[in-house]
Every structure is written in C-alpha cells, then in structure tokens.
1. What about ILE624, is it more than 20 Å from ASN471 (Cβ to Cβ) and open to solvent by less than 20 Å² (accessible area, probe 1.4 Å)?
2. When the residues of region 401-428 are narrowed to those that are under 20 Å from LYS298 (Cβ atoms) and out of contact with any Lys or Arg (no Cβ under 8 Å at 6 or more places or on another chain), which ends up surrounded by the fewest Cβ atoms within 10 Å (Cβ to Cβ)?
3. Has region 234-253 got at least one residue that is of a type in the set (Gly, Ala, Ser), under 27 Å from the mean Cα position of the chain (by Cα) and under 13 Å from LEU129 (Cα atoms)?
4. Among what's in region 231-277 and is surrounded by fewer than 20 Cβ atoms within 10 Å (Cβ to Cβ) and not in a helix (DSSP H, G or I), pick the residue that is farthest from the ligand (Cβ to nearest atom).
5. What number of residues in region 66-84 are open to solvent by 50 Å² or more (accessible area, probe 1.4 Å) and near the ligand (Cβ under 10 Å from one of its atoms)?
6. Need the failing condition index for ASP611 against (1) surrounded by 23 or more Cβ atoms within 10 Å (Cβ to Cβ); (2) free of Cβ contacts under 8 Å to residues at least 24 places away in the same chain; (3) acidic (Asp, Glu), just the number.
7. Assuming ALA367 fulfils every condition listed in (1) among the small types (Gly, Ala, Ser); (2) touching a strand residue (DSSP E or B) at 6+ places or on another chain (Cβ under 6 Å); (3) without any contact (Cβ under 8 Å) to a residue 40 or more places away in the chain apart from one, which condition is it?
8. Considering region 85-114 alone, what residues qualify as being part of a loop (DSSP other than H, G, I, E, B), within 20 Å of GLY154 (Cα to Cα) and more than 10 Å from the ligand (Cβ to nearest atom)?
Amino acid sequence: MAQLTYVSRSVGLITLQNPPVNALSAAVRQGIVDTVERALNDPKVKSVVICGQNGIFCGGADITEFNKNMTGPPLVPMIHAIEAMNKPVVAAIEGSAFGGGLEVALGCHYRIAHSKARLGLPEVTLGLLPGAGGTQRLPRLIGIPAALSLITTGRHVTATEALQLGIVDQVTDHNAVDVAVKFAQSIAGQPLDYRRISNYPCPRPSDLDALFEDMMQKVRQSARGAIAPVACVQAVRAAATLPYAQGMEREKELMATLFTSGQARALQYFFFAQRAAGKWMMPSGARWDTSKPRPVHKAAVIGLGTMGRGITVALAQTGLSVVAVETQEKQLMEAKQEVSGMLQRGAKRRGVAPALDRISYSQNIQAVADVDLVIEAVFENMALKKKVFQQLSAVCKPGTFLFTNTSTLDVDQLASETPNPELVVGMHFFAPAHVMKLLEVVYGPRSSPQAVATAIQLGKKMGKASVAVGNCHGFVGNRMLKPYINQASFLLEEGATPELVDRALVEFGFSMGAFRMSDLSGLDIAWKIRKEEGMVQLGMASGPSARIRHGCRYSPLGDLLCEQGRFGQKSGQGWYQYDKPGGRIARSDPWLHRFLEEYRARHGLVARNIDQQEVLERCLYSLINEGFRILEDGIAAGPEDIDVIYVFGYGWPRHRGGPMFYAGMVGLAKVLERLEHYHQAHPDVPSLQPCGLLRRLVASGSPPVNKWREVIKKLHSQL
Ligand code: 3H9
C-alpha cells in the first residue's frame, strides 16, 4: 500500500509500503492512485514527495504478480497521473530505484537521491523492457546512447553516476526524504510544464541510423539468442523517431510480445532460483541458512598455484586479512607479483585502492596459527592434501575452519584426516577464481551447518553465487558435464565434426561449444584424471575393447589427441587449430578431420549424417538426466540449485533458465521419450537410461519445476 502523511501541512508525503523492497504490487499501485488523488484535491497540499519505507525507494513491479491475472490499476496511467499533477512532485530516492520504481521517479518532476542509492532499469534481465514509459522517458532525459546502454544491459548506476547522466537532479549525504521535503516546499507554485519528461523532445544524433544499426549488431552478438535486448533497442528507437504517444504504443506492443515469451518465464524463474538456491536443507534436516555463520577476520590460503592466487585476490578484495602460504620460494615470488598485479588491475577498474597490504606471504605453514579459516589450494592430489590437512590440524588454533579447494576429490576422506571433521567443507572454485561467479560449497555428512553457512557467506562476500552441494564424484556441475562431453565424443565417432556439434550448442545459446570449451580448459586436464581412474589405454588400439570400459561405451578420442601433444589452445592444436600456442582464434583443422576418418575406418564405424537436433537432444538430455539423478541422490536440494550452477559456472544461456527449467519447458514426457529412444539405440551408454525420478515426475503429471521438491521429498521419505 501507500500512505499519505502531511509535513509542515503543505507537503504531502506519499510513502510506498511493501516490504522488503516496496515492489509495486496491486495494493501499492492502488495506494499510489488513491494518495495522488487525495493530494491533488487537498488545497492545503502545495507539493508532493514520493518515497519508500525502510530506506528503499522501490524495487520495481512485483515480479510475483507476473503470469497471474492482472488486478489493480496499471502502472502506465498511474505514472501519467503523477506527471500530469499541477503540484510539484519530488521523488526522494533512498536505497534503490529499479525498474518500475525508477519509472515512477521519472514520472515525478524532480528526483533527489541519497549518495548511497542505486538506480537502474534491469527489466532486460527478466526478459522484459521498461514497459511503464522507461524506454520513452529515459532517452528524452539523458540522450539515446546513455539510455541504450542502461536499458539494454540492465546495469545499475550509483547516485553519483545518475547525477552525471542527468537522471537525478541532486545527490545528498543527508536523509533524502528531509532534503526532498524542504526542496518541495521551496518550489511550490512554480510552473511544471518544462519538468514533464514526456514533453521533452528526444535528442536525435545526426547519425541516428548508424547508431542504431551499430547498437543492434552489438546487442545481437552479445545476446546469444535472447530477444529482450533486441526489443529494448527497438523501443528506444521508437522514442527517437516517433512522437511520445506513439512511442508508448510501440513500447506496449513490444512489451506484450516479451511478456508472453518463454524467455521471460525462464529469466523470471531464474531470478527466484538464485534466491531459492540460498535456502538449503542438509539431509540431516539441519538448515545452513538458519545457522549463523561465524565471523571471519583473518583467512589463509595454502598453495599459490593458479587457483590459490585467484582465491587470495578474491579474499583480499572482500577486506579480509589474508595469509598466503607457499613452500616453494620461486613459486612464492611469482605468486606475489601476479597477485599484486591482479589486485592493482581490479582496483583500477573499480576505482578503489588496491588491497595489497591486506596480504602477508610466508613459506612456513606455522604462519596460519591465528587465522579463522584456511582455504587449502594445493595441487589436486589426495595424498598431498591429506598431508597438508594433518599439518593444519596441528598448527591451527582450535575451531579453525578447514576448507579445501577441489574439483574432484572426496571431501569426506580429507575430513577424516582431522580431529574435527565438522569444521571441514569443500570449496569448488572455478578458474580464474577471482573472476568466475560460481562457487560450489561441498559438505560431507559430518560438516556442521555452521561451517557450511560460513563458507556460503564467505562466497557471497566474494561476490559469488554460492550453492551448497553434497559430496560425490564431480559434485553437481562436473558430474553433469561428463555425460554431455561423452555424447559429444560419441557423436564424432558416429560421423559428426567438432564444428557441427559446437555450432548446434552455440546456436542453442552456449557461449562456446563442448569442443571449444575442451580446447580452452586443456584436454590434458581431463586426460590426467582419466589416467588416474585407469580409463586410458595407450595407442590407437582397434579391438572391441578399445571403445569399452567397465562394460560401457568409451570414446578414446580425447586420449589419442593428448598422445599427439594436442592439448588444446595452450599447445596451439586440439579439436581445432590456433595460430600459435595460446592463440585464441579456433580454426577448422583438416588434420583432425582426416584423423576422425581414419579412426572410424580402424574401428569399422560408418559415418552417418547427424543433424543439430540430435546433437542437442543427446548432449543436453543426457546432462539433464544426470541432473535428475543428482536430485534423486540428494546431492542438490532442488532444481534451482542445479540451474544456478549451470548458468553461472558452465555458460548455460540464462534466457533458457538452466537445464532443469529447460527440461520442464521442453516437456518432461518428451525428454523421457527421447532418452528412451537414444538408450535403445545405444544400450551400452548408461547415462542415456532415463532416471527413476524423471519417470516418477512424468507419471505424476509432469508438475512445474517449482513443485519438484515435493515429489523428491516424497521419494526420499519412501527410501
Ligand atoms: C518491472 O519493474 C517492469 C516494469 O518496467 C513495467 C511493468 C509494466 N518483486 O534480492 P533480495 C524479493 S520488472 C517481487 O534477496 P537484496 C526477493 O525475491 C522489475 N519480489 O534482496 C526476495 O524475496 P525472498 C524490475 C521482489 O537486498 C526479497 O524481495 N526490478 C522484487 O539483495 C529480497 O530480495 C528488478 O528487476 C520484485 N521486484 O536486493 C529488481 N525484488 O526474501 C529486482 C525483490 O522471499 N530486485 N524481491 O527471497 C533486485 O534486484 C533486488 O531484490 C534488490 C534488493 C536489488 C532490489
């Protein structure tokens, strides 16, 4: 709702009240319409201030109301009524003004923001455009290039930037409501026509067509198939080329198309998925999100290889004191230099001082005696990690959390090396650790909820989407990746090329296909793991055993490339060729195509035509099937966790909501049917065999993704 109070009799103060972010629900919109009307008709009121309760102006339209029947007054006429008032209206912006919230402020005649406020039109991230006049008023106020930049990216700006751009008229360090009330009193009775943004002409740069063409090209390139950024450009173009009323019509049309699109549903699902992923219940019934994280003031990183360096930077940037330990002198010196460089570059980008003095370096593990938590990031080797954990248990003060950075190793085994396994959790960072947004927090059966809570909170402080996952081989992300990569390799054996597979995946929306990704991350990494698992046989063996391991189909293609020294981008050749080792531009490699032909001939395989549909179905549905197994095993708490992991860690296109949401969009019955079909064709590939949970969901009528947790709970209670 919205409340009208009177300040000094002459100023009507309208306060939006809808915690936690004063979203514009039907009740709030009704409240605004009513209070504006009362303020207008009350002769005592000479001017009006609009603000939000609890230090937040407004987080925009109420997203929970989308996809429901619309009730209450619509936003557009409500904002017009504010703008049309013949008494000055001032927006007092504290906290945030996002989406519809900023559009309300743009309908006001003046805007005053607190210096800590943030403003933006993030609708594009929800698959929409600013559909309450934002695409028409913002370009009129700040010009087309700046408006395009904000609207097509959804970027938030600080109050200072908003002032520079001309979005707000004043920034204050004092209470913005008090400042706005004083200002409102001072301008009572002044003319308002020149303050109504809808009356402004839209500034038209001389090179308008070129500007929009250029922008459209950029947007299409970075959108990877998302339609909202394109519609945003079209709507702003309408502001530049049409009178205001017609521009509003165009905005409405474009919004209607987006509103009913699957992409908007996916992106809005993902907004809530990110928040749901934070609410985790461990199988013991303990909830980390109700368990209080322990405060951490000083942390240590052990091992300053690539991962350790990135983690040190990420920790220092949160403001923590960090002890960075590396026993080898040469590595330590190199790490010092690299970490300082990364911190300096990061600080320059963010316009702050580099956190160099927060880090102390040591060659001696004794230096960690007084830290609150340790992140061990030594080489991925169980024996070495066990040794380090034994040393840490002897050196650290009682109660120190011992976290291990690992992508493959058994966290329980490591925990059993310490007298306090409840203090141990895994932290699966993604390289480069100070940049990548995802963190899998791996808990074992003995990890305490407080240890998990502390790890999650630390991850959040580092700006990461932090998801708690159970302990199993590959955790969530890499476990699902394995069947996807396997399918991609099998498709090559059957007649596809890396180019065909990657094209299908990129057209689906991935930032890169399976083979480009493999080249980028290095084929040797997975090869080393396969060797440790005893999967690799040397040489181009041709008997039936060459393509079978433990009774299942196996593709040795990656092993064979590694034997030739083709490790991907780093060696200049992998699934593609590069102009030099470390080169970035992948080109088709005729050698690779000949090699595939020779391989097929040696194994008696006849190449067949494979279309993009088969590539997508086999790669994506086998990955999704593993996702269902992960849910069945209780390794991830819900589909939202998996989707957050895939969007932030594996380049899954956000506008498709994540793999589990996508499965629901395709139709669970269809996914099941296709998996059955492919499993029949490839009975020696167990990952194509549909998982029990998928069958159960289909049998219970394919409920929407937000109802899966109930089915899973029931399944677990019956086990
Ligand atoms: C729009 O405005 C369309 C218009 O142009 C045109 C229409 C015609 N609605 O993020 P938090 C919930 S589209 C409903 O954890 P923070 C959120 O789910 C909208 N609920 O807090 C969470 O619930 P729970 C454009 C919302 O302090 C709780 O509030 N606006 C909304 O870290 C706390 O949220 C946006 O895209 C909402 N609009 O961050 C802004 N917003 O506690 C979306 C939040 O049950 N919001 N909730 O998990 C945000 O970006 C952040 O929430 C914000 C606060 C930065 C505001």
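1. Against the criterion (more than 20 Å from ASN471 (Cβ to Cβ) and open to solvent by less than 20 Å² (accessible area, probe 1.4 Å)), ILE624 qualifies.
2. Applying the filter and picking the extreme gives ASN420.
3. yes
4. By that ranking, first place goes to PRO243.
5. Going through region 66-84 one residue at a time, the tally reaches 2.
6. Of everything listed in (1) surrounded by 23 or more Cβ atoms within 10 Å (Cβ to Cβ); (2) free of Cβ contacts under 8 Å to residues at least 24 places away in the same chain; (3) acidic (Asp, Glu), ASP611 misses just condition (1).
7. Answer for ALA367: the failing condition is (3).
8. If the condition is that a residue be part of a loop (DSSP other than H, G, I, E, B), within 20 Å of GLY154 (Cα to Cα) and more than 10 Å from the ligand (Cβ to nearest atom), then GLU94 is the only one that fits.
The values are calculated or read from the model by the stated rules, or taken from the named source; none is laboratory data. None of the values given here were measured: they were computed from a predicted structure. As a convention, Cβ positions derive from the backbone with ideal geometry for all residues, glycine included, and neighbour counts pool all protein chains shown. Each accessible area value is taken on the protein alone, full model and side chains, heavy atoms only, with ligands, DNA and RNA left out. Shrake-Rupley method; radii C 1.70, N 1.55, O 1.52, S 1.80 Å.
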